[in-house]
Amino acid sequence: MDSPDIVAPTYVNLLEPPGLIAQFLAYPPLGFSTATTPDGVPYFVAPFDLLTTLESTAKRRIVSLPLYRWWGAWLKPRTCFIGTTATEYAPLPSHTDPACFVDCIKAEFAPKYAFLIVKDLPQNSPLLDAGSNAVSRRVADACRNAGFALLDGQALAYVTIDFASTDEYLSRLSSGRRKDIRRKLRSAAELDIQTIATGDACFADASVRAEFYVLFRHVYDQSDVHFDLPSAEYFDAILQDASSGGVIFVYHHAGRMIGYNLCYVCDGNLVDKYVGFVYPQARESNLYFVSWMHNLDYAVKHGLKHYIAGWTDPEIKRYLGAKFTFTRHAVYIRNPLLRAILRRFSHAFESDRAALEAA
């Protein structure tokens, strides 16, 4: 399948191939609508559950309130998001003045939607160059000046590849963690691991693509946090895109595929984007741990700079040795009363930072 034509400016903040933005725009997550601003920046409109990133204790208190099943829908307004769910950071225009950009999106979208969110602005990210970080900082400042609230977003996990082998990497962890991880890695001896490029001839078979999507849905369905659900058509497109630099590590046990990682090699990094598992076999084979170390080994052998491991499960990723860099979301609320409430309780929505700082 050919990639959709990309009609977009030169972006800053991209860790992934730009083709992922084109696929996101062409095949939106279920229930989303997508488009681009006059500057060519992607955006989407979707229902937003305001409790999605709320700390678990506060969330339980709210959903246990009387008649929540009826009034809870008020907490899921249609929201306009500047950015994508296919990229780690908000792709921003490199050619537009940040203040003008923010003024334009506020004028265009704030009157139409209860919430306008510029999502995933990096905060001095070690994964980006100085120019990208500077643009993001200026956009954040412009958002603040325009009345947006800035909230800490999720924690993006990464590992700097400054070691010559996974044995050296493990040697930097505590003895208890080394022992536990090595024990879990023994199951790798029973696995057959294949490396397949996106665009491989096998993905011309619709049943093969469907199996990969089913395994992705297994992981999605058991997750505690649900925001976007990529469509089967989106997966069809990215699996068949030979130009993207996608590499898929496929894990077989006893002749059956029990899991995979879909990653991208881009600008000297290995970016982990999508995972699929079969349960309980993936857990029994400690596939999370095995795949983490396999990805690090691949990055070492190919001379890459970072393994970028995504947003979810920060606690286990820290256990495995990851570092973290945070994003910010710039949130504009049309209703002034709700705007005041958000500023008062903003800390409750910054669950990743709170969890990592408390541990």
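Read-outs: derived from the displayed coordinates by stated rules, not from any lab. In this text, all values refer to a predicted model and were calculated from it rather than measured experimentally. With ideal geometry, Cβ positions are generated from the backbone for all residues, glycine too; neighbour counts draw on all protein chains shown.
Fully extending the segment from Y319 to K112 would add 70.2 nm, taking 0.36 nm per residue of separation and subtracting the current Cα-Cα distance.
With the charge dipole of the range 162-304 set up from +1 on Lys and Arg Cβ and -1 on Asp and Glu Cβ about the Cα centre, the Cα lying farthest toward the positive end among the listed residues G199, A188, V214 is that of A188.
Structure note, pairs K179/K323; K119/K273; K273/K323; K106/K317; K119/K179: Cα-Cα distances above 29 angstrom occur for K106/K317; K119/K179. Sorted into 10 angstrom bins from 0, the C-alpha pair distances of the range 242-330 split as 15, 46, 31, 7, 1 percent.
Packing around the peptides 183-195, 122-134, taken as the average count of other Cβ atoms within 10 Å per residue, puts them in this order, highest first: 122-134, 183-195. Residue ranges 310-318, 32-40 sort as 310-318, 32-40 when ordered by packing (mean number of other C-beta atoms within 10 Å per residue, highest first).
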